[in-house]
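See below for the structure under consideration.
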Amino acid sequence: MKDGLIKALACDKRVRIYLCATTALVDEARKRHDLWPTASAALGRTLSVGVMMGSMLKSDKEQLTIQINGNGPIGTIMVDAYSDGHVRGFVGEPHVHYQYNDTGKLAVGIAVGKDGYLEVIKDFGMKDNWSGKVALQSGEIGEDFAYYFTVSEQTPSAVSLGVLVNPDHQVQAAGGLLIQMMPDATEEDIVKTEALLKTLPPMSTLINEKESL
């Protein structure tokens, strides 16, 4: 699947959807920063959500910066995002690799930690920047951003992020999904969305198996 981003509306425009494929982007970051697998997953998830948030900016003069630090082994994750899809980022410690013993999945939450914060700084080209900051919930990044959107931007949101890394450390699939309730969303819209999310495979699986967004 080629890298890309699509935006959509559902439920008579009461639900907003962002979907991105970022496999080539994340693999390029892996090569440039010599990332080990869990570091690839952590930065890849943050780059993916950065792509989607960047697309919400109104003009090419605006940009946003994401900072995550949970006092884990990976240190600080930082990503800059722009309205045209460009993103850049890094992690404090690229040589980090942890797996959960019970599932074998990359342990992003352990690498990031959760004794810290997620902060989004938006530069609208005005005198002062806008900033929103929340405590990390798990360090897994997806649910941390769902919490951020709901608490800091008052927009109930579901966030699914995934990075699939091969044994040779190459990124095989990466991408993200962001679903947001608009102010006029109904209880039925929320119930419908929650039911759909329960049946959804992992994001990395979808990106890996499907031919297009």
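The values are calculated or read from the model by the stated rules, or taken from the named source; none is laboratory data. Everything numeric in this text was worked out from a predicted model, so none of it was measured. Note that we place each Cβ from the backbone using ideal geometry, even for glycine, and neighbour counts take in every protein chain shown. All accessible areas refer to the heavy atoms of the entire protein, side chains included, with ligands and DNA or RNA removed. Shrake-Rupley method; radii C 1.70, N 1.55, O 1.52, S 1.80 Å.
What to note about this one:
- Largest-first principal axis extents of the Cα set of segment 11-68 (Å): 43, 29, 21
- Computed accessible area, HIS86, all protein chains, 1.4 angstrom probe, square angstrom: 120
- Using a cutoff of 8 angstrom between alpha carbon atoms and counting only pairs six or more residues apart, the relative contact order for segment 81-213 works out to 14 percent.
- Remark on segment 138-210: hydrodynamic radius 13.5 angstrom, per the Kirkwood mean of 1/r across alpha carbon pairs.
- For the pair HIS95 and LEU196, the difference between a 0.36 nm per residue extended length and the Cα-Cα distance amounts to 32.7 nm.
- The radius of gyration of the Cα set in segment 1-133, together with its Dmax, comes out at 15.7, 50 angstrom.
- Charge tally in the Cβ shell below 10 Å around ALA24, where Lys, Arg are +1 and Asp, Glu are -1, ALA24 excluded: -2
- Pairs of lysines in the chain whose Cα atoms sit within less than 15 Å of one another amount to 8, provided the residues are eight or more positions apart or on different chains.
- Measuring r between the beta carbons of TYR117 and THR155 and using R0 = 25 Å, the FRET efficiency lands at 0.85.
- Phi to ³J(HN,Hα) by Karplus 6.51 cos²θ - 1.76 cosθ + 1.60 over segment 148-161, Hz, x for Gly, Pro: 4, 4, 6, 8, 7, 10, 6, 10, x, 9, 10, 10, 10, 10
- Alpha carbon convex hull of segment 104-187, volume per residue in cubic angstrom: 147
- 17 Å cut-off, amide nitrogen to a point 7 angstrom out along GLN170 Cα→Cβ, residues in segment 65-93: none
- Measuring with a 1.4 angstrom probe and ignoring ligands and nucleic acids, THR199 comes out at about 100 Å² accessible.
- Estimated FRET transfer efficiency (ASP102, ILE6; beta-carbon r; R0 41 Å; 0.05): 0.75
- Sorting LEU25, LEU64 by solvent-accessible area of protein heavy atoms yields LEU25, LEU64, largest first, with a 1.4 Å probe.
- With θ taken as phi - 60° and the Karplus curve 6.51 cos²θ - 1.76 cosθ + 1.60 applied, the whole-hertz 3J(HN,Hα) list for segment 14-24 is 8, 10, 10, 10, 10, 9, 9, 10, 9, 4, 5 Hz, x standing for glycine and proline.
- Segment 137-175 and segment 10-26 have Cα centres spaced 13 Å apart.
- Environment charge at LEU57 (Cβ cut-off 14 Å; Lys +1, Arg +1, Asp -1, Glu -1): -2
- Accessible area (Å², 1.4 Å probe, nearest 10) - GLU188: 130
- Calculated SAXS-style log₁₀ I(q)/I(0) at q = 0.09, 0.12, 0.16, 0.21 Å⁻¹ - segment 65-213, Debye, Cα scatterers: -0.33, -0.59, -1.07, -1.57
- Taking other residues whose beta carbon is less than 13 angstrom from the beta carbon of ASP184, and scoring Lys, Arg as +1 and Asp, Glu as -1, yields -1.
- Largest to smallest accessible area among CYS11, CYS20 [probe 1.4 Å]: CYS11, CYS20
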